[in-house]
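Below is one structure, written out as structure tokens; comments come after it.
The values are calculated or read from the model by the stated rules, or taken from the named source; none is laboratory data. For clarity, every value in this text was computed on a predicted model and none was experimentally measured. Cβ sites come from the backbone with ideal geometry, for glycine too, and all protein chains shown count toward neighbours.
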Amino acid sequence: MSTADPVPGAVADAGQTPLPDVGAASRRSSSSGGVIRHAEAYALPALLVAVAILFSVLPSTSDTFPSMPNVQTIVGNQSVVGIIALAALIPLVCNQFDLSVGATLGLSSILSASVLSSGASIPVAIVVGIAVGGAVGVVNGLLITRAGVNAVIATLGTAIVIHGIVTWKTGGESIVDIPASVTNFGSANTLGVPRTFVALLLVALAVYYLLEHTPFGRYLYSLGSNPSAARLVGLNTNRLVFQSFVASGMLSGAAGVLQLARSGSASPQVGENFTLPALAAAFLSAAAIRPGRFNVGGVIIAIFFVAVLNSGLNLAGAAAYVSDFVNGIALIAGVALSAAFGRGRTGQ
Amino acid sequence: MTGATAGGAVALRLHEIEKSFGQTRALKGVSFEVKGGEIHALLGGNGSGKSTLVKILAGVYNADGGSIEVRGHRLRAEATTPAAAQALGLRFVHQQPSTFPDMSVAENLSLGRGFETGVGRNIRWRTVRARARAVLDRFGIDADPGQPLGALGAAEQTMVEIARALQDQEGESDDILVLDEPTASLPAPEVKILLDALRRYAADGQTIVYVTHRLEEVLAVADRVTVLRDGDHIATVPCEGLTHDALVELIVGRSVDSVFPESGGERHKNVALEVRGLRGGPVTGVDLTVRSGEIVGLAGLVGSGRSSLLRMIFGDLRPDAGVLELDGAVIAPRTPLQAMNAGIAYVPETRSDAAFADMTLAENLSAASVPSYWRGGRLHSRAERADTLRLIEAFAVKAAGPGIAFGTLSGGNQQKAILGRWLRRDPRVLLLDEPTHGVDVGARIEIYATIRRAVDAGAAVLVASSDFEELAGLCDRVAVISGGRIVAEAKGAELGSDRLQQLAYTNGGEQ
């Protein structure tokens, strides 16, 4: 019935078409929409700057917050969570959740620590860390594309199993006998800039290139936008999902090695605390720089927005649990804002 | 025929129902009566107003004028709501099943009406099952209340849906059941089971309004028939004595010439696409050729297999058997990418299967051509932008610029861009499924012109549509598909939309 009569069909069209006079509507959105688009894109960066200025002038934090050591701490400490947020970003672009990024980081950190403590060289430890992450990504990817398990369930499951493996391997003890050359990298600065931050910037550039300047990135965004349309323009959707999880796993593995260098020891509990802040930042990325679209610049802004807020509140004497509030609210705000921007962009 | 109708009191009376959409008068004062205990078929072709009328009865649309009366209770048709329709005793079973195959028959019967509960709001399963048992007996459904619904045959599932709609009627059969294409997705043996059940219900006094395209079913089961055409009430007549041809004549408005046309000589160039014995799913054996420089139409009703046929040619559905040849060479695309590389392009039936709504117009236009911008380790966005501007111009897409979100464009402009996405690849064969569905007239004309230009440049086009006027106007030749087979072909002087409707109806349901 519904496909038969042109008259109701025409009405359905009127319903689907948000703007009857397209030419005029597009012209409108190009003039006034440009301003709104810019406001959306730079609201969060502006808020980041505003919060930083606030804590710099607030009497209770004006001595400590803007100091060089504090800035170096903020910047240096965010590198690990930044890299696994970028890891989670890649599957998220094609609409898949990777809840195993934190656990993968923990596993990589433990295994690279154990090869280091048994005398392996640093490059070997790095390769081990990244390979372990890649292996987790392969398992996730196979579970999702071959076994058809929902990504949330599959990665939650692997995260729990990994936690078990880590506890079994370590007996719950941290691995502490890490060569000084490794820990030196984690705490050293080059020209006043923490080296871990440099590592974050390099990874961010690489992910930016992958997502914005290669066909692979374009295909991931297409798949995230409309899976059936992606299939019908010839994309191998299963392969893309699989590759996105392998990339995510390898980046999480790299983050594990960096975490080892930063903290100087590998704790079996370290992974768990990273997953939610990283996912929060990945979600929040759709609210900045390129509104409605998960993007690398947005991840970096989101990470530092939360970090600056936490640092300032901490220095102002707020209780430790306040940072949980900040992280939680940031996650919800990120999802809500990106949904709102997404609706605005598609006119739905 | 049920025979239980003669002299039945009027159960449903429609009086001067009017409805316009903008300039179009969909219903021009339609009045007719449905008697208690009869099966009353409602027929009409594309644009007849049949769908609109059903939606007004269901309270989905408000009419502009007229009234609906059920057993003396009168409702202004301007003020219908789904709740008011329900209160009047109008019960609907739609084409799309609204049942839950994984849940039990008893649960399906209770959902939407409520479960019997005990003091702690707990479900009293024994009562629920007993009541389900009684309902199944009453409606003659051979099923166990505890069985999952999906384990039943297709006809039984529809009967459970009917039983769910009717189980609580106050009198024995006071409600009016409106069945909207209930057999559209049923295989032939299941259709017979369902029709037998409907006959029994009517014999017990149930009033049924039966909306369908399938004329054999009407002749087999209906007591009276109402035909709409172009928003006018054409006739309400007893079914007895009516012939198939007479029904078609009422629907189409012209007399029927039942001689099938011969496929004439080919004045076009070499064969670009040849389909031989293609089978799989709803496609039961299709032979078809499309030549270079030719637009071939595929006329078919809902469920005829037209969309599946196109998806098989595009490698998106795997056929069970059959051969595809492109320019004389056998191809067997197993994925859309393989079909694309062979030179085939495909625009799907619904835009939601083609549009990347939250991506830009530029990204949508280049969605099937991304590798061409990948040179020297990066995507050349400047070249992409330049191409986009050229394509916007060439395909008459009205948009502010390449960076605008695709979802903000109108349906017509989205469709033009999707067509551009494929035509920029200069395909050998272009497959179009309902290319102007939900597109305004202006964009429609531009889309037709674009298709014709592609064909003049040597492409071969196969276009499926249920808009027979479109096919008659656009195509060089039209194949009529029904029951998964090509049952007729029309060309030249035969290419009128009336003629196509006759062909589609005449062969409809013949499986």
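Evaluate the following for B:Asp358: is it in contact with a strand residue (DSSP E or B) (Cβ under 7 Å, 6 or more places away or on another chain), at negative phi and facing another protein chain (nearest Cβ under 9 Å)?
yes
Are there helices (runs of 4 or more DSSP H) fully within the stretch A:213-282 with at least 2 residues that are at the interface with chain B (Cβ under 10 Å from one of its Cβ atoms)? List them.
Values: elements: A:215-225, A:227-232, A:237-263.
Counting at least 2 such residues, we get A:215-225, A:227-232.
Suppose we filter B:Met359, B:Met340, B:Met312 for residues that are in contact with a helix residue (DSSP H, G or I) (Cβ under 7 Å, 6 or more places away or on another chain) and crowded, with 20+ Cβ neighbours inside 10 Å; which single one remains?
Values: B:Met340 fails: in contact with a helix residue (DSSP H, G or I) (Cβ under 7 Å, 6 or more places away or on another chain); B:Met312 fails: in contact with a helix residue (DSSP H, G or I) (Cβ under 7 Å, 6 or more places away or on another chain).
One residue alone meets the criteria, B:Met359.
The rows are residues; the columns are (1) of a type outside the set (Phe, Trp, Tyr); (2) within 9 Å of chain A (Cβ to nearest Cβ); (3) not in a strand (DSSP E or B).
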| site | (1), (2), (3) |
| --- | --- |
| B:Leu310 | yes, no, yes |
| B:Gly322 | yes, no, no |
| B:Glu325 | yes, no, no |
| B:Asn341 | yes, yes, yes |
| B:Glu349 | yes, yes, yes |
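Of these, B:Thr450, B:Thr506, which one is of a type in the set (Ser, Thr, Tyr) and at pLDDT 85 or above? Show your work before the answer.
Values: B:Thr506 fails: at pLDDT 85 or above.
One residue alone meets the criteria, B:Thr450.
Given the residues A:Leu54, A:Leu47, A:Leu58, which is the only one that is more than 14 Å from every other protein chain (Cβ to nearest Cβ), within 22 Å of the chain's Cα centre (by Cα) and at pLDDT 50 or above?
Values: A:Leu54 fails: within 22 Å of the chain's Cα centre (by Cα); A:Leu58 fails: within 22 Å of the chain's Cα centre (by Cα).
Just a single option satisfies the conditions, and that option is A:Leu47.
Assess whether B:Ala26 counts as being outside the structural domain of B:Ala202 (by TED's automatic domain parsing) and either at pLDDT 90 or above or in a strand (DSSP E or B) (or both). Spell out how you get there, then give the answer.
Working: outside the structural domain of B:Ala202 (by TED's automatic domain parsing): no; either at pLDDT 90 or above or in a strand (DSSP E or B) (or both): yes.
Taking the combined requirement at face value, the residue does not satisfy it.
Test of understanding: among A:Leu337, A:Leu276, A:Leu313, which residue is touching a residue at least 24 places away in the same chain (Cβ under 8 Å), surrounded by fewer than 20 Cβ atoms within 10 Å (Cβ to Cβ) and closer than 30 Å to A:Leu58 by Cα?
A:Leu276
Would you call A:Ile162 closer than 13 Å to A:Gly271 by Cβ and of a type in the set (Val, Ile, Thr)?
Numbers: closer than 13 Å to A:Gly271 by Cβ: yes; of a type in the set (Val, Ile, Thr): yes.
It is true that A:Ile162 is closer than 13 Å to A:Gly271 by Cβ and of a type in the set (Val, Ile, Thr).
Return a yes/no flag: does the stretch B:376-388 have any residue that is crowded, with 23+ Cβ neighbours inside 10 Å, facing chain A (nearest Cβ under 9 Å), over 28 Å from B:Gly293 (Cβ atoms) and of a type in the set (Gly, Ala, Ser).
no
Give me the pairs: first residue in the stretch B:103-117 and touching a residue at least 40 places away in the same chain (Cβ under 8 Å), second residue among the hydroxyl-bearing types (Ser, Thr, Tyr) and not in a helix (DSSP H, G or I), beta-carbon distance under 6 Å, and six or more apart or on different chains, which are they?
Correct list of pairs: B:Asn108/B:Thr99.
Taking B:Leu179 as the residue in question, decide whether it is out of contact with any helix residue (DSSP H, G or I) (no Cβ under 7 Å at 6 or more places or on another chain) and at pLDDT 90 or above.
Working: out of contact with any helix residue (DSSP H, G or I) (no Cβ under 7 Å at 6 or more places or on another chain): yes; at pLDDT 90 or above: yes.
It is true that B:Leu179 is out of contact with any helix residue (DSSP H, G or I) (no Cβ under 7 Å at 6 or more places or on another chain) and at pLDDT 90 or above.
Looking only at the stretch B:212-233, which residues are part of a strand (DSSP E or B), out of contact with any Lys or Arg (no Cβ under 6 Å at 6 or more places or on another chain) and modelled with pLDDT of 90 or more?
First, the residues of the stretch B:212-233 that are part of a strand (DSSP E or B): B:224-229, B:232-233.
With the extra rule that they be out of contact with any Lys or Arg (no Cβ under 6 Å at 6 or more places or on another chain), the set shrinks to B:224-227, B:229, B:233.
Hits for the stretch B:212-233 are B:Arg224, B:Val225, B:Thr226, B:Val227, B:His233.
Mind counting the residues in the stretch A:208-236 that are under 19 Å from A:Gly137 (Cβ atoms), surrounded by fewer than 23 Cβ atoms within 10 Å (Cβ to Cβ) and in contact (Cβ under 8 Å) with a residue 40 or more places away in the chain?
Going through the stretch A:208-236 one residue at a time, the tally reaches 4.
Among the residues of the stretch B:367-378, are any among the small types (Gly, Ala, Ser) and within 31 Å of the chain's Cα centre (by Cα)?
yes
If you scan the stretch B:419-450, which residues turn out to be out of contact with any helix residue (DSSP H, G or I) (no Cβ under 7 Å at 6 or more places or on another chain) and away from chain A (no Cβ under 14 Å)?
Across the stretch B:419-450, the qualifying residues are B:Asp426, B:Arg428, B:Val429, B:Ile445, B:Ala449.
Residue-by-condition table, conditions (1) aliphatic (A, V, I, L, M); (2) within 14 Å of chain A (Cβ to nearest Cβ); (3) touching a strand residue (DSSP E or B) at 6+ places or on another chain (Cβ under 7 Å); (4) closer than 26 Å to B:Ala26 by Cα:
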{"residue": "B:Gly153", "(1), (2), (3), (4)": "no, no, no, no"}
{"residue": "B:Thr183", "(1), (2), (3), (4)": "no, yes, no, yes"}
{"residue": "B:Arg200", "(1), (2), (3), (4)": "no, no, no, no"}
{"residue": "B:Val221", "(1), (2), (3), (4)": "yes, no, yes, no"}
{"residue": "B:Leu228", "(1), (2), (3), (4)": "yes, yes, yes, yes"}
{"residue": "B:Thr236", "(1), (2), (3), (4)": "no, no, yes, yes"}
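Test A:Ile301 against the criterion of being within 25 Å of A:Ala41 (Cα to Cα), at pLDDT 90 or above and β-branched (Val, Ile, Thr), and give yes or no. Give the steps one after another, and end with the answer.
On the way: within 25 Å of A:Ala41 (Cα to Cα): yes; at pLDDT 90 or above: yes; β-branched (Val, Ile, Thr): yes.
Criteria met by A:Ile301.
Considering only the stretch B:94-125, how many residues are buried (at least 20 other Cβ atoms within 10 Å of the Cβ) and either of a type in the set (A, V, I, L, M) or under 29 Å from B:Lys35 (Cβ atoms) (or both)?
The qualifying residues number 3.
Keeping to the stretch B:315-350, report how many residues are free of Cβ contacts under 8 Å to residues at least 24 places away in the same chain and either among the aromatic types (Phe, Trp, Tyr) or more than 21 Å from B:Gly293 (Cα to Cα) (or both).
Going through the stretch B:315-350 one residue at a time, the tally reaches 7.
Give me a count of the residues in the stretch B:86-144 that are among the hydrophobic types (A, V, I, L, M, F, W, C) and assigned to a strand (DSSP E or B). Even if it seems obvious, please write down each step before you answer.
Let us first name the residues in the stretch B:86-144 that are among the hydrophobic types (A, V, I, L, M, F, W, C), namely B:87-88, B:90, B:92-93, B:100, B:103, B:105-106, B:109, B:111, B:115, B:119, B:123, B:125, B:128, B:130, B:132, B:134-136, B:139, B:141, B:143.
Now narrow it down to the ones that are assigned to a strand (DSSP E or B): B:90, B:92-93, B:123.
Total satisfying the criteria: 4.
Determine, yes or no, whether B:Arg421 is touching a Gly at 6+ places or on another chain (Cβ under 8 Å), of a type outside the set (Asp, Glu) and not in a loop (DSSP other than H, G, I, E, B). Before you say what the answer is, go through the steps one by one.
Details: touching a Gly at 6+ places or on another chain (Cβ under 8 Å): no; of a type outside the set (Asp, Glu): yes; not in a loop (DSSP other than H, G, I, E, B): yes.
In short, no.
Within the stretch B:392-413, is there a residue that is among the charged types (D, E, K, R) and farther than 28 Å from B:Ser308 by Cα? Can you show your working first?
At the first step, the residues of the stretch B:392-413 found to be among the charged types (D, E, K, R) are B:393, B:398.
Pick out the ones that are also farther than 28 Å from B:Ser308 by Cα and you get B:393, B:398.
Yes, because at least one residue in the stretch B:392-413 is among the charged types (D, E, K, R) and farther than 28 Å from B:Ser308 by Cα.
Could you run through the stretch B:421-469 and say how many residues are of a type in the set (D, E, K, R) and under 22 Å from B:Arg499 (Cα atoms)?
Count: 4.
Could you go through the stretch B:75-92 and let me know if any residue there is within 13 Å of another protein chain (Cβ to nearest Cβ) and out of contact with any helix residue (DSSP H, G or I) (no Cβ under 9 Å at 6 or more places or on another chain). Give the steps one after another, and end with the answer.
Start the filter on the stretch B:75-92 by keeping residues that are within 13 Å of another protein chain (Cβ to nearest Cβ), which leaves B:92.
With out of contact with any helix residue (DSSP H, G or I) (no Cβ under 9 Å at 6 or more places or on another chain) added as a condition, the list becomes none.
There is no residue in the stretch B:75-92 that is within 13 Å of another protein chain (Cβ to nearest Cβ) and out of contact with any helix residue (DSSP H, G or I) (no Cβ under 9 Å at 6 or more places or on another chain).
Restricting the search to the stretch B:28-64, which residues are in contact (Cβ under 8 Å) with a residue 24 or more places away in the chain and at the interface with chain A (Cβ under 9 Å from one of its Cβ atoms)? Lay out the reasoning, then the answer.
Taking the stretch B:28-64 first, the residues in contact (Cβ under 8 Å) with a residue 24 or more places away in the chain are B:28-50, B:52-54, B:56-59, B:61, B:63-64.
Within the stretch B:28-64, B:Gly44, B:Gly45, B:Asn46, B:Gly47, B:Ser48, B:Gly49, B:Lys50, B:Thr52, B:Val54, B:Tyr61 meet the criteria.
Any idea which of (1) modelled with pLDDT of 90 or more; (2) under 27 Å from B:Glu190 (Cα atoms); (3) within 14 Å of chain A (Cβ to nearest Cβ) is the one B:Ser104 doesn't satisfy?
Every condition holds for B:Ser104 apart from (3).
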